[in-house]
1. Considering only region 349-385, state which residues are among the aromatic types (F, W, Y) and on the phi > 0 side of the Ramachandran plot.
2. Only one of F49, F83, F43 is open to solvent by 70 Å² or more (accessible area, probe 1.4 Å) and over 37 Å from the mean Cα position of the chain (by Cα); which?
3. Please go through region 429-448 and pick out each residue that is open to solvent by 30 Å² or more (accessible area, probe 1.4 Å) and on the phi > 0 side of the Ramachandran plot.
4. Would you pick out the residues in region 134-173 that are free of Cβ contacts under 8 Å to residues at least 60 places away in the same chain, crowded, with 19+ Cβ neighbours inside 10 Å and either under 13 Å from R259 (Cα atoms) or among the hydrophobic types (A, V, I, L, M, F, W, C) (or both)?
5. Can you report the number of residues in region 381-393 which are surrounded by 16 or more Cβ atoms within 10 Å (Cβ to Cβ) and not hydroxyl-bearing (S, T, Y)?
6. Here is a list of conditions, (1) open to solvent by 10 Å² or more (accessible area, probe 1.4 Å); (2) under 30 Å from Q575 (Cα atoms), and G645 meets all of them except one; can you say which number that is?
7. Report yes if some residue within region 326-347 is closer than 30 Å to K137 by Cα, open to solvent by 30 Å² or more (accessible area, probe 1.4 Å), at pLDDT 80 or above and not in a helix (DSSP H, G or I); otherwise report no.
8. Just wondering, is there one or more residues in region 450-465 that are open to solvent by 40 Å² or more (accessible area, probe 1.4 Å), touching a Pro at 6+ places or on another chain (Cβ under 8 Å), modelled with pLDDT under 90 and more than 30 Å from A236 (Cα to Cα)?
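The values are calculated or read from the model by the stated rules, or taken from the named source; none is laboratory data. As the structure is a prediction and not an experimental result, all values here were calculated from the model. Cβ placement follows ideal geometry from the backbone for every residue including glycine, while neighbour counts extend to all protein chains displayed. Please note that ligands, DNA and RNA were not included when accessible areas were found on the heavy atoms of the full protein model with its side chains. Shrake-Rupley method; radii C 1.70, N 1.55, O 1.52, S 1.80 Å.
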Amino acid sequence: FITLILGLSICFEFGREYLKESIAEVFFPILTSLYSELTLLGFIGLLLFAIFKMSWVEELSVDLFGEASAIQEIGEQVHMVLFLVMIVFLLQAVFMGKFGESIQNKWNLWEAKPLLSEKDAGNGYKEFRTAFYQATKEHATFRDMIFINYNQKHNMLVHTATRLKFIQEANLKASDFDFARYLSVALGVTLGELVEIPVKTWFILEGLLLFFWRCELAFVPNARIVLWILTGYCTAAAAYLVHAKVKLILHQYTAPLIREHHSDAFHATTSQAELEQQKLEEPSSFIKVSTADPKLVKKKKSLVKKNNILQRFFFKNDQQNNAEAARLIHTNSSDEELGKHIHHYHDLFWYGHHFHAHFTFDVIRLISLLTSIYSAIFVLVYFDDLVWYKFDPSDYSPEAKSWRARGQRPGGIFIFLLAIIPPGIVVHKLKSILEDFTVCANISEFKNRRYIEQVLRRQKTVAAFECLKVVQCFRDPQMLEAVLAIQIDHDEQKIPESKRSSSPTEFLINLTGRSTTSPTTQKAYLTTSRRGTSIRALEKIKDEDAAAYIENQKTHWHRIFDLFDDDKEGSIDRQEMQNLLTNFKCDEEHINRIISVLDIDNDGTITFDEFFSFANKLETYLEEHADPEKLTAEMFDIIDSDASGTITVHEMHRVVAEMLGQDLSVEDVFNVIQDLDEDGNGELDIEEFTILLHRFRIYE
């Protein structure tokens with residue numbers, strides 16, 4: 001027994017290390033919460049084991065059940081349930097981490113991929129028009145959110161509008177903020193809180209389990225099974241309702257912004273022939289004519305309509321507030337009095353006025369936990385009775401009668417298959433719920449300034465290390481010559497004229513908040529300036545849309561270019577290059593050599609296009625010829641100015657902020673080091689520094 005316990009402990013530790021290495025750092029809160037809950041469950045199991053071994057438990061069992069071993073048998077079942085719940089929790093953490101990574105990659109892809117592509121132009125923007133109609137529907141109902149299957153284009157459009165509105169509210173630059181990273185940080189915290197079970201949730205579960213225990217005593221076996229299966233299906237139905245609520249909140253948040261660009265979208269996605277056939281003074285005809293999906297072409301409804309049962313239940317408070325606000329407007333009430341009844345974002349959530357998004361999240365957590373307990377109890381309590389019951393034809397006990405009534409083993413297998421459907425539905429739906437809830441719970445008045453600062457700090461740090469990678473190449477003559485020797489087809493770096501003109505841009509630039517400086521950069525309306533987990537997204541669009549991939553790369557490298565371009569005039573002159581490279585012990589002769597090979601048109605300055613051409617060669621060299629370990633060691637030596645074998649906060653700040661000119665404080669650099677400093681000495685050794693570069697994907 002002791003050997004088994006030690007083996008399980010070792011497996012437990014190996015599993016922990018595997019999970020820590022296999023998931024992104026933003027999802028580490030899941031592991032922290034998971035192991036704290038598993039420790040609590042283990043303590044509860046040990047405590048129950050000790051209690052059930054006491055002599056007074058047998059006396060109590062005789063008084064209550066007439067058998068000395070009755071409570072002990074119940075205790076063994078409780079032990080088994082707790083053990084299985086621990087296993088389910090462990091699996092849940094693994095799935096949550098994988099779900100989180102897939103959601104993160106989806107967000108990155110949406111920010112890297114153009115909203116309108118050549119494929120959309122080829123089919124007449126049919127999918128986009130349908131998505132636009134769905135996203136701007138004025139009287140979207142709770143029922144719509146449940147039964148309408150929104151396509152990926154709709155979800156991408158809503159995400160784009162959410163990003164723009166968030167950036168406007170937070171006073172950020174549309175082209176400079178990695179919204180996907182912000183949401184990923186929030187998602188990691190949300191998943192960690194989902195696994196973490198507060199005391200109030202345990203009390204709710206205690207009440208539910210006591211209720212089912214009473215039903216267990218009062219009902220016949222088949223009735224108990226039916227009741228438990230109904231519980232599972234009710235949980236699955238609750239998951240659909242919660243998701244519908246969250247989607248409706250997101251729709252109400254983004255619809256006004258998208259609706260502002262109705263006219264732009266109409267002209268951008270409608271051919272000249274269609275414009276001549278339609279009445280332009282009635283842009284609403286866009287909805288009637290362009291929507292080809294028959295499921296969406298419904299009869300015109302009155303603006304004032306009766307709410308269905310779900311609407312009356314879920315939006316009762318909103319209707320009362322709106323009615324009161326309307327009354328105050330007509331009576332010329334003061335702004336202060338009227339403001340009390342004007343709709344706030346937190347009021348969109350259930351009981352949001354008092355609990356903001358917490359009550360809705362508690363419901364999500366309860367659904368997840370109840371599904372785990374449902375699965376554990378069904379397997380341990382009902383599975384044997386359904387499939388492996390030892391039937392005796394002469395037996396007429398309630399259990400035997402129930403066995404006959406449900407069709408013996410074939411009927412039991414059918415019931416079991418019916419019972420495992422709800423957990424599958426919940427697990428499938430939980431991914432979408434968490435994806436949309438994370439967005440809803442971290443925008444508008446719920447935006448998290450600490451997450452925003454964390455994302456901005458990461459972006460600046462990545463840009464600094466990317467710039468240092470370029471400097472590292474400049475300092476090494478052999479590496480520089482090898483990079484310059486690489487031949488790249490320059491046509492691949494340009495966007496064909498046909499691609500520039502085939503997609504509408506004005507509407508998308510307005511919607512996404514992207515500014516344009518040239519016909520080429522007009523294609524970059526959904527690009528971001530980030531590295532790291534977005535690499536998967538960039539690789540995915542590399543084959544699907546070469547133009548978008550190039551613009552993503554340009555946006556990223558423009559940030560590094562700006563670190564060289566001190567005066568921000570759009571070019572790097574000799575003095576600017578000398579000012580930066582002199583800090584890294586480059587002599588004047590070598591600097592002149594660098595400028596001469598990068599300055600293709602020999603005008604004495606390095607333009608961004610010339611710099612980007614070199615950057616492409618550098619990326620190709622690193623991918624095909626470089627040794628990442630050697631380059632990592634060389635960069636480590638550049639930062640470790642005193643050759644002590646460790647990088648201190650001040651050494652890192654000196655390079656990143658003082659020598660490269662990145663706007664990062666000592667505290668910012670300390671936070672970067674603290675995230676990776678496993679031994680807690682406030683410094684980074686070569687192993688920790690390697691992990692840092694790996695997370696930032698500097699040489700990948």
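1. Within region 349-385, just Y351 meets the criteria.
2. F49
3. Listed by number, the list is empty, since nothing qualifies.
4. M156, the sole residue that qualifies.
5. 3
6. Only one criterion is unmet by G645, namely (2).
7. The answer is yes; a qualifying residue exists.
8. no
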